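Here is the structure we will look at.
The values are calculated or read from the model by the stated rules, or taken from the named source; none is laboratory data. Here the structure is a predicted model, which is why all the values come from computation and not from measurement. When we count neighbours, we look across all protein chains shown, and the Cβ atoms used for this are built from the backbone with ideal geometry, even at glycine.
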Amino acid sequence: MTKATNFLRSHKMTADDINIKEMVSIFLSEMENGLAGKESSLLMLPTYIEADGEVKANEPVIAIDAGGTNFRAAKVYFDENLKLVTENIQKAKMPGIDVELSKEEFFSTFADYLKDYKSVSEKVGFCFSYSAEIFPNKDGKLIEWSKEVKAPEVIGTMIGEELLAAMGTPEKQLVLMNDTVSTLLAGKAARAVKAYDTYIGFILGTGTNTSYIEANKNITKTADLDMEDSQIINIESGAFGKAPRTDIDVAFDNTTKNPGRYAFEKMFSGGYLGGLCTTALKTAAAEGVFDDASAFANLEELSTEDVNKYVHGIEDAKSILPGVFTDESDKLVAAEIIDGLIERAAKLVAANIAAVILKTGKAKSHEKPVLMTIEGTTFYKLHGFRTMFEKFLQDFLSSENKRYYEIVEVENSSLLGAAIAAIVN
């Protein structure tokens, strides 16, 4: 057994330390509790957005995507052939990332970004990738920030109402949704020629979250729903609070802006994996795993991009981890620790997705699988992640849990899904 494996096992940080069957069971229980309004780390937020709706041609909408580190806007519509057309995409930085903003500063920044779109349409589809309670009018109240956004005065406000007021256009119709909801809708539209049993939207980028379609009769915490219909549920899966965290997970969590919140997200998402790896490497150095432990004393927090580049090519160690390594063996140990944490991440995500697939009760045949629209550079670019994720998922979805799925990636899914929601709802 290698030094890296010994270290990871001593801290229970290997993929083998994750009992996927047990974790899926706990995740499902938290989903049920969240739908019933009982105590749960999964908010299970109703969106009041149905996955089905009539698409109208040549009806432009303003599509907005705010999440992670970027803010994007575009004019979007369906042409005569019901093909989505996206025009005038603009990008800017998500406000509140670099410095803390007041509520007025936050929304005035949004309004300034959107000044050239005010005359495009009276309908706005807003993909807002943060925890928000959605109301029947399809506006939403921010519950809390994640991904290290610093605008505390915005918490508790109605996002759409405040944005339209800042734009000077309170009469516009706005549909607010999470990025997983817009991703689900974009995937459904992109694969409309094939019949699927159900649909899931999943994000693994800066943060992580999952959405799926739930029958209204199962959403017992919400009154006055049509029991014959269904709607998309925003799980807020990044907040799952019952994953098997270790001492290193907790130590890293304590360095973040909101310790204890979105603990699951901090175990593997792109906004945090680099920091978690840094904490693990420093811990390993303190425990004598590396030959030159002193070299880690001044190591600054690495980004996920840093550690990903490192495990893709160890020869680049000096540019990614400057001045740390003095011999080849330490380079290899560091790479093995990082790869071990990526493998654990893949198994954690597989448990998340497996639970959601089982919760739908569908996708039991090859002919009608579940379509999972997955977005995020962490999912697609992280070293070996997707291969390991699919192996863990397929191993679990066998025998009595047999389910079938397809994965699709849709370009600009957050913008397109936001536009679809605005057009059909």
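Name, by its number, the condition in (1) part of a loop (DSSP other than H, G, I, E, B); (2) surrounded by fewer than 15 Cβ atoms within 10 Å (Cβ to Cβ) that does not hold for residue 250.
Against the list (1) part of a loop (DSSP other than H, G, I, E, B); (2) surrounded by fewer than 15 Cβ atoms within 10 Å (Cβ to Cβ), residue 250 comes up short only on (1).
Any idea which of (1) surrounded by 19 or more Cβ atoms within 10 Å (Cβ to Cβ); (2) in contact (Cβ under 8 Å) with a residue 40 or more places away in the chain; (3) under 28 Å from residue 143 (Cα atoms) is the one residue 272 doesn't satisfy?
Among (1) surrounded by 19 or more Cβ atoms within 10 Å (Cβ to Cβ); (2) in contact (Cβ under 8 Å) with a residue 40 or more places away in the chain; (3) under 28 Å from residue 143 (Cα atoms), the lone unmet condition for residue 272 is (2).
If residue 181 meets every condition in (1) touching a residue at least 60 places away in the same chain (Cβ under 8 Å); (2) in a loop (DSSP other than H, G, I, E, B) apart from one, which number is that one?
In the conditions (1) touching a residue at least 60 places away in the same chain (Cβ under 8 Å); (2) in a loop (DSSP other than H, G, I, E, B), residue 181 misses (2) alone.
Please verify whether the range 156-176 includes one or more residues that are of a type in the set (Asp, Glu), crowded, with 24+ Cβ neighbours inside 10 Å and touching an Asp or Glu at 6+ places or on another chain (Cβ under 9 Å). Break it down into steps so the answer makes sense when it comes.
Within the range 156-176, the subset of a type in the set (Asp, Glu) is 161-162, 171.
Keeping just the survivors that are crowded, with 24+ Cβ neighbours inside 10 Å gives none.
No - not one qualifying residue is present in the range 156-176.
For the condition of a type outside the set (Val, Ile, Thr) and in a helix (DSSP H, G or I), what is the one hit in 132, 166, 195?
Details: 132 fails: in a helix (DSSP H, G or I); 195 fails: in a helix (DSSP H, G or I).
Within the list 132, 166, 195, the selection yields 166.
Kindly indicate whether residue 301 is under 30 Å from residue 42 (Cβ atoms) and outside any loop (DSSP other than H, G, I, E, B).
So residue 301 does not fit the description; no.
Take the range 99-127 and flag every residue that is in contact with a Gly (Cβ under 7 Å, 6 or more places away or on another chain) and either of a type in the set (Phe, Trp, Tyr) or farther than 19 Å from residue 233 by Cβ (or both).
Let us first name the residues in the range 99-127 that are in contact with a Gly (Cβ under 7 Å, 6 or more places away or on another chain), namely 106, 126-127.
Within the range 99-127, 106, 126 meet the criteria.
Where in the range 335-425 are there helices (runs of 4 or more DSSP H), lying wholly inside it, with at least 3 residues that are at pLDDT below 95 and either buried (at least 19 other Cβ atoms within 10 Å of the Cβ) or of a type in the set (Phe, Trp, Tyr) (or both)?
By residue number, 413-424.
For residue 148, are the conditions met, namely being in a helix (DSSP H, G or I), under 25 Å from the mean Cα position of the chain (by Cα) and farther than 24 Å from residue 50 by Cα? Walk me through how you get there before you give the answer.
Values: in a helix (DSSP H, G or I): no; under 25 Å from the mean Cα position of the chain (by Cα): yes; farther than 24 Å from residue 50 by Cα: yes.
Judged against the criteria, residue 148 is not a match.
Condition first: of a type in the set (Val, Ile, Thr) and crowded, with 18+ Cβ neighbours inside 10 Å. Now tell me which residues in the range 275-314 satisfy that. First the steps, then the outcome.
To start, the set of residues in the range 275-314 that are of a type in the set (Val, Ile, Thr) comprises 278-279, 283, 289, 304, 307, 311, 314.
Answer for the range 275-314, where residues must be of a type in the set (Val, Ile, Thr) and crowded, with 18+ Cβ neighbours inside 10 Å: 278, 279, 283, 289, 304, 307, 311.
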